[in-house]
Amino acid sequence: MKQYLEYFNIIFLIDKIYFYLHSALFSRFIRFAVVGLSGVFVDLGAFYFLHSSLCLALTMSAMLSTEIAIINNFMWNDLWTFGDVSLQQKISQKLQRFVKFNLICLVGLIFNSLIVNWLFYQFQVNEYIAKLVAIACVTLWNFWLNLKMNWQLTKTEVDVVVDI
């Protein structure tokens with residue numbers, strides 16, 4: 001009897017995982033992560049162009065390329081990740097959302113730096129591993145806060161996650 005209970009618990013767990021992986025929220029998170037990855041390439045490309053081609057100073061090139069990547073990420077998240085939520089909204093609402101997106105990204109940048117330094121100096125974690133951990137944490141932070149503050153989902157979509 002105990003084996004049957006364990007078997008059903010495993011099947012139940014697999015079913016919950018399958019449901020989560022096919023939920024709207026997980027799909028949004030994957031799209032958010034893909035957009036974020038595209039932002040890395042936009043940032044690097046813009047940095048190269050600004051610093052090498054236009055001969056801007058290092059700090060100015062880094063700041064401008066980051067802002068260009070943030071603009072890229074906002075536009076793609078607004079169109080693709082949360083496109084169904086942001087349809088038919090006024091330009092003033094989009095602008096307000098963009099400002100909030102920028103502020104969330106700024107706080108995420110600060111968290112990223114703190115996490116890397118904390119892991120590297122406090123626990124002697126390899127700096128690249130520390131950076132990957134920080135990226136993962138900040139991605140979750142950025143997604144959750146943008147989900148709550150910028151692209152509010154309906155109660156039904158949020159309940160799907162809470163029930164899991």
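Rundown of residues vs (1) under 19 Å from W144 (Cα atoms); (2) in contact with a Lys or Arg (Cβ under 6 Å, 6 or more places away or on another chain), yes/no style:
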{"residue": "G39", "(1), (2)": "yes, no"}
{"residue": "A46", "(1), (2)": "no, no"}
{"residue": "L50", "(1), (2)": "no, no"}
{"residue": "L54", "(1), (2)": "no, no"}
{"residue": "S61", "(1), (2)": "no, no"}
{"residue": "T66", "(1), (2)": "no, no"}
{"residue": "D84", "(1), (2)": "yes, no"}
{"residue": "L109", "(1), (2)": "yes, no"}
{"residue": "V116", "(1), (2)": "no, yes"}
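For the condition modelled with pLDDT of 90 or more, assigned to a helix (DSSP H, G or I), of a type in the set (A, V, I, L, M, F, W, C) and open to solvent by 100 Å² or more (accessible area, probe 1.4 Å), what is the one hit in F49, F12, F74, F32?
F49
Starting from the range 95-116, take each residue that is in contact (Cβ under 8 Å) with a residue 24 or more places away in the chain and list its partners that are of a type in the set (A, V, I, L, M, F, W, C) and not in a helix (DSSP H, G or I), counting only C-beta distances under 8 angstrom and pairs at least six apart or across chains.
R97/W151
Inside the range 127-136, can you point out the residues that are open to solvent by 80 Å² or more (accessible area, probe 1.4 Å) and free of Cβ contacts under 8 Å to residues at least 12 places away in the same chain?
Those that are open to solvent by 80 Å² or more (accessible area, probe 1.4 Å) and free of Cβ contacts under 8 Å to residues at least 12 places away in the same chain: E127, Y128, I129, L132.
What number of residues within the range 77-110 are of a type in the set (F, W, Y), closer than 17 Å to A33 by Cβ and in a helix (DSSP H, G or I)?
2
The values are calculated or read from the model by the stated rules, or taken from the named source; none is laboratory data. Computed from a prediction, not measured in an experiment: that's the story for all the values here. Glycine also receives a Cβ, built like all others from the backbone with ideal geometry; neighbour counts cover every protein chain displayed. Heads up: the accessible areas ignore ligands, DNA and RNA and are worked out on the full protein's heavy atoms, side chains in. Shrake-Rupley method; radii C 1.70, N 1.55, O 1.52, S 1.80 Å.
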